[in-house]
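A quick write-up on the structure given underneath.
The values are calculated or read from the model by the stated rules, or taken from the named source; none is laboratory data. Just so it is clear, the structure is predicted and the values come from calculations on it, not from any experiment. Note: ideal-geometry Cβ built from the backbone for every residue, glycine included; neighbour counts use all protein chains shown. These area figures cover heavy atoms from the full protein model, side chains too; ligands, DNA and RNA do not enter into them. Shrake-Rupley method; radii C 1.70, N 1.55, O 1.52, S 1.80 Å.
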Amino acid sequence: MKLFTHNLLTSSIIKGVTKGYPLKIVSRKVEISEKEFNPELIARLLSRVEWSALCEAAESVGHGGDLPTSVPENAEKDEEFLRKAHHVLMEIEVVDGDLVCPETGRQFPIQNGIPNMLLNEGEV
Amino acid sequence: MAVQQELSERALELLALPEDEPCLLLDLGCGSGLSGEVLTESGHMWVGLDISPAMLSVAQDREEEGDLLLGDMGNGMPFRAGSFDGAISISALQWLCNADSKEHHPPRRLFKFFTTLYAVLRRGSRAVFQLYPENDKQLELITGQSMRAGFTGGLVVDFPNSTKAKKMYLCLFAGGTTQSLPRPLGVEQTQTRKERLWGKPPKKSREWVLAKKERNRRQGKDVRPDSKYTGRMRKGAF
């Protein structure tokens with residue numbers, strides 16, 4: 001699960017949860033890989049990234065270091081910033097761990113990089 | 001395999017995304033990642049959801065670019081509002097109509113699915129579902145719930161006259177300005193654009209025959225009265 005995907009995920013599907021965001025990451029295995037840098041794609045995705053949640057997530061998996069606290073002006077043209085964003089969004093993957101709902105504490109296990117969002121009968 | 005690819009390409013075409021712009025898409029029922037691959041090849045980023053761990057495992061082995069999630073569409077979409085530029089689904093939606101357990105209630109699951117999907121799509125974007133409905137009733141249930149959830153749009157049927165080639169795509173619009181349904185493939189156009197513009201009925205159709213008879217009556221000619229047999233299609237040599 002890339003940190004980009006984590007940034008979109010909520011536990012709002014659980015009955016009784018109002019926002020369910022952001023999900024806390026408990027990581028047991030994190031992998032860094034190299035992905036092709038596509039500045040146009042990153043610039044486009046920036047508009048829907050919740051930046052503070054991203055920083056928090058990066059911090060919690062131990063790769064928070066480099067990120068500015070907020071998205072700079074004209075980020076779409078700022079290649080250095082886009083590269084940092086690309087690294088955090090696309091190249092850090094949680095392979096093993098849990099996602100935790102901030103309202104109920106319910107855990108969604110991540111196995112082989114795939115979060116399990118299946119619900120039990122009572123939660124629907 | 002090729003069929004899935006064709007279906008995915010057609011679904012992507014029906015999404016009518018802006019040209020040459022990478023988009024973030026949702027692949028519902030992504031399975032082994034065949035449809036996702038088509039999305040990647042078109043330069044898009046995608047997130048796939050499927051209920052089968054086995055299929056997702058295959059997708060991982062194929063090293064698909066999109067992120068995969070194990071989940072049930074009927075539980076709703078676990079994403080922030082307005083996250084996606086579009087959604088596709090290949091041969092998956094009809095499964096929501098099955099009640100896999102006592103607690104499952106298909107209409108409710110469909111409604112939950114469509115309302116949450118509507119929320120996670122950006123205004124003005126589309127969701128295209130290639131599906132194989134078991135019967136008319138199932139199709140009605142699906143389209144009905146999608147409309148109740150706020151979607152507009154409708155069914156696009158490619159090659160409607162061929163049992164082999166016929167494919168159905170439910171093309172839904174998530175708000176935004178009104179859009180017209182895309183044109184289906186394999187449907188003959190009986191009128192030229194000019195004829196359509198003039199507002200004339202197509203040549204030799206029933207309306208054309210009735211209009212012609214009326215013209216002749218006005219000219220004072222002797223015309224047979226109209227009946228239910230007027231202008232009907234006749235088989236072969238008459």
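Filtered by the rule that a residue be closer than 19 Å to A:Met90 by Cβ and either at the interface with chain A (Cβ under 7 Å from one of its Cβ atoms) or of a type in the set (D, E, K, R) (or both), region B:45-64 gives B:Met45, B:Val47, B:Gln60, B:Arg62, B:Glu63, B:Glu64.
Selection of region A:1-56 for residues being within 8 Å of chain B (Cβ to nearest Cβ) and open to solvent by 40 Å² or more (accessible area, probe 1.4 Å) yields A:Ser12, A:Asn38, A:Glu40, A:Arg44, A:Glu50. Are any of the residues in region B:26-34 at the interface with chain A (Cβ under 8 Å from one of its Cβ atoms) and open to solvent by 10 Å² or more (accessible area, probe 1.4 Å)? No, region B:26-34 has no match at all.
Note on region A:87-124: residues that are facing another protein chain (nearest Cβ under 9 Å), in contact (Cβ under 8 Å) with a residue 40 or more places away in the chain and open to solvent by 40 Å² or more (accessible area, probe 1.4 Å) total 2. Checked against (1) open to solvent by less than 30 Å² (accessible area, probe 1.4 Å); (2) more than 22 Å from A:Gly16 (Cβ to Cβ); (3) within 10 Å of chain A (Cβ to nearest Cβ); (4) out of contact with any helix residue (DSSP H, G or I) (no Cβ under 8 Å at 6 or more places or on another chain), B:Arg122 passes all but condition (1). If you filter region B:65-85 down to residues that are open to solvent by 30 Å² or more (accessible area, probe 1.4 Å) and more than 7 Å from chain A (Cβ to nearest Cβ), you find that the one that is nearest to the chain's Cα centre (by Cα) is B:Ala81.
Of the set (1) out of contact with any strand residue (DSSP E or B) (no Cβ under 9 Å at 6 or more places or on another chain); (2) modelled with pLDDT of 95 or more, all apply to B:Leu28 but (1). What about B:Val38, is it open to solvent by 40 Å² or more (accessible area, probe 1.4 Å) and closer than 20 Å to B:Gln5 by Cβ? In short, no. For region B:1-24, the tally of residues that are under 23 Å from B:Lys167 (Cα atoms) and within 12 Å of another protein chain (Cβ to nearest Cβ) stands at 1.
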